[in-house]
1. Given the whole protein assembly as supplied and a 1.4 Å probe, what does the accessible area of B:Cys701 come to in Å², nearest 10?
2. How much net charge surrounds B:Thr587 when only other residues with a Cβ under 14 Å from its Cβ are counted (Lys, Arg +1; Asp, Glu -1)?
3. Net charge near B:Ser363: determine it from the other residues with C-beta under 13 Å of the C-beta of B:Ser363, scoring Lys and Arg +1 and Asp and Glu -1.
4. How much accessible surface does B:Arg151 have with a 1.4 Å probe, in Å² rounded to 10?
5. Read phi for every residue in segment B:78-85 and hand back ³J(HN,Hα) as whole Hz from Karplus 6.51 cos²θ - 1.76 cosθ + 1.60, θ = phi - 60°, with x for Gly and Pro.
6. Please go through the residue pairs A:Lys9/B:Lys287; B:Lys642/B:Lys739; A:Lys112/B:Lys642; A:Lys69/B:Lys287; A:Lys140/B:Lys226 and name each one whose alpha carbons sit more than 24 Å apart in this structure.
7. Where Rh is the Kirkwood radius over the Cα pairs of segment B:168-313, the temperature 20 °C and the viscosity 1.002 mPa s, what D in µm²/s does Stokes-Einstein return?
8. Provide a list, ordered by number, of residues in segment A:80-96 showing at least 10 Å² less accessible area with every protein chain present than when their chain is taken on its own, using a 1.4 Å probe.
Amino acid sequence: MLSLTINGKKTTVDVEEDTPLLWVLRDTVKLTGTKFGCGVAACGACTVHINGEPVRSCSVPISDAVGTKITTIEGISDGNLTAVQEAWIDEQVPQCGYCQSGMIMAATAYLKENPTPTDEGIDEAITNICRCGSYPRIRKAIHRAAKQMAEA
Amino acid sequence: MALMKLTRRKFLIAGGLVGGGLAVGFGLGDDGPENAALQATTSSGEFALNAWIKINKSGEITFAIPQAEMGQGVYTSLSMLLAEELEVELSSVTPEMAPLAPVYVNSTALMDTLPFSDGHHQGEATIGAWGMKKIAGMLGVQATGGSTSVRNAWEPMQKAGAIAREMLVSAAAEEWNVSSSECVASKGTVTHKSSGKTASYGELVEAASALEIPDDIPLKPANARKIIGKSQPRIDIPEKVDGSAVYGVDIDLPNMAHAAVKLCPVFGGTVASWDDKAILNMPGVIKAVRFDTGVAVIADSFWRAKKAVEALPVTFDEGPNAALSSEAIFAEFEQQLASDEGRSYADRGEALEKISQADTVISATYKVPFLAHACMEPMNCTALVSDNDVEVWMPNQAQTLIAWFAEKAADVPAENVKLHTPYLGGGFGRRLEIDLVVMAVTIAKELKGRPVKLIWTRENDVQHDMYRPAAQASFKGTLTSSGEIDAWNHRVASPSVTRSFTKRMLPWADSDMPDNSTADGAGNIPYQISNMLMEHVPTPLEIPVGYWRSVGHSYNAFFTEGFMDEMAWAAKKDPLEFRLDHVSEHTDFTAVLQKLKEVSDWSTPLPEGRGRGIALHESFKSIVGQVVEISVNKDKEISIDKVFCVIDCGTVVNPDTVKAQMESGIIFGLSAALFGEITIEKGRVVQENFPDYDMVRLNNCPEIEVHLAPSGRPLGGVGEPSTPPIAPAVVNAIFAATKTRIRELPLSKHGYTA
Ligand code: FES
Ligand code: FES
């Protein structure tokens, strides 16, 4: 039994130690907002936060997540949408939407470290894939969220 | 509460709404399958007003959407069409996935993508085409593809809204004993103008449902529209920002098991032997299943299933294709192009004579590789097989086909098939295919009574796709003394997607027949050329090929617009002006080019190291012109700086969705132009996953500026038409900047990095 803290809640899971965090979240804890895209840390669809840092959960063995604070898309807001999520709606970002949990997790972590984002900074920090090509809107939404957070 | 009994006459009307005389063709009676399908989703207290809309007594409006939502915003666009005529706020309409029924057949997709329409193919006895038509009719495909969602629903959706509104108004008028012309409907309420009496739709629905469905209600004139044509926020977006949207891969059912597969890497290969005992003791393993092309492990979690299937010892019989390579395929194209074979899709004037007599002939060879779809959501299908029925949850673009193959694979009666279509994490044509449903049902059959969720890994997906075909083209062209195109001879060799697709469905229907999709955007180009011969040489291959966003246009636009640019430079003309000269008889194409010239500031030169390229292409009834600005240095580091995109798609339903689709299609095409290549070696795909099948990301994504230029032409598609022009626009820009002509994709093959 491994004990985990996910979105502020403690839980125990009975899985092999090499099981990726992604599959524990999706199949064991049933938090399916975090998506499987490639399994090899190449697309970012599975991005979650560990102690506030963005990680690609498909490539984190669950044993490494024990004793950390895990946050998923389901846990970033306290009922109200975050500034990032609101900006995502205002800019009408998602198309199929499949990559967007990972995008929002990556953008949220980036904005926490970089409250005044630059295009170069965004390019470097957010390397997730969106097969639907929502990138121009993602960029706009990040700037919009930053502005909103600065005003708040 | 008893359901409204739809009469035969009403059905003819309702059926007639979907166009193409489908209602009559299916010989509807009072108890037709449509009736049953609709009633099955009508719960007590709701009334089926007609095939499309349900309004309950509390005034809640739900309506059945026959298309899958895969990011194209169809739930919103179709809701807009309905709300406009029903006279309700957009927010009061809730779309739901339509029950599977012939009423919802997507007739436009059939007409466009299957060859039987024989739209521009010239003069061949089409007995094969006739056969295809029969099959298409039999299948009654309910599909989402060919950029048809809104085109197909444009009239029926509005009509449905108008009919329901009129019935509600009539019900109110009857109740108040006044004429319906004295009543108006607005915001879900009917008002009697002089007395001020009002009744909500919910109050009227019971009386309305007893009325005859009226014939032929005129639709609003364009200038009276309040919703259509104005950007509306997409109704599916809120649940796509908080992780709550449910995709196929997220399906979770009581007692569900998980499956992972290992497939023969060689196309057409089979399992020779396996040792399932070797893995049965691994944690969580429930069962191993062997089928023709591979093996599966069913376990209590996906990860355990995947680990076990990887460990499962299997040997494959690689079959007859084990020596196949991309190299050999292109050699075959070369041979085909040099032969006399070919089927003409445009033949006018004396192209070959002109070319043989000319002093100067401009000639070129163009090539494109196979491409994978790589939908963001990996392929998946969940199936629950019992002794006499099957239930399937699958993100798919072709409900009729999926249900049909679920029935076949499960071997149960057709009426015992249930299909659910959750959100699609991308489709792009890949989810029209039946391979996943057949595989999932075959596996689930071995664990009857328990749902089994099959997920493919990204590696499975990249290596077992139905690919955008590789293709090769040869061109010969001549110019008049004043620098106009005199003769144009274009030959393309590629496999036929329609043939490959049909053969997968119905092996007995395999036959060589005209396939407009192979020549789309090559035979039917808008340019005024007096002497033109465009031929396609069908080159069947053992690599499965499929519908990939924009299908034949995806390579033909690259070929024709690349060569068009070569002709312009040979004529020493500005590439945009040269195109204008050749579309002078078409006001719509001219308007797109003029607009593009203006918004892109085409006439202002760019500094050294930068270049502009243009491409113009019509597909799915929409005209798209693009100008690309690039920077490139001597180390071949290229940056796609900006894309200007002008689209004429006729009437616009949701302008912001059109813009989003333009951006999406451009980036999709750009990934292919820069990096996209599936290579075949030893009968198998070399690439595995995103690291070697790369995509455009934020850092190399251009700024995109979209302009709508509606000319009043009929409604065109928007999901695909922005993909074809981007690759030629980019290579044309590289030529403008460096005088290097790229005739083969992707650019990474020539050492370019982005
Ligand atoms: S699924 Fe983890 S990075 Fe792609
Ligand atoms: S919205 Fe579809 S992959 Fe990003």
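1. 20 Å²
2. So the surrounding residues net to -2.
3. Result for the neighbourhood of B:Ser363: +3.
4. For B:Arg151, solvent-accessible area is about 40 Å².
5. Taking θ as phi minus 60°, the curve returns 5, 4, 4, 4, 5, 4, 4, 7 Hz for segment B:78-85.
6. A:Lys9/B:Lys287; A:Lys112/B:Lys642; A:Lys69/B:Lys287; A:Lys140/B:Lys226
7. Working: Rh = 21.7 Å.
Estimated via Stokes-Einstein, D reaches 99 µm²/s.
8. Residues passing the criterion (a loss of at least 10 Å², heavy atoms only) are A:Leu81, A:Gln85, A:Ile89, A:Gln92, A:Pro94, A:Gln95, A:Cys96.
The values are calculated or read from the model by the stated rules, or taken from the named source; none is laboratory data. This is a predicted model, so every value here is computed, not measured. Every residue, glycine as well, gets a Cβ built from its backbone with ideal geometry; the counts of neighbours run over all protein chains shown. Please note that ligands, DNA and RNA were not included when accessible areas were found on the heavy atoms of the full protein model with its side chains. Shrake-Rupley method; radii C 1.70, N 1.55, O 1.52, S 1.80 Å.
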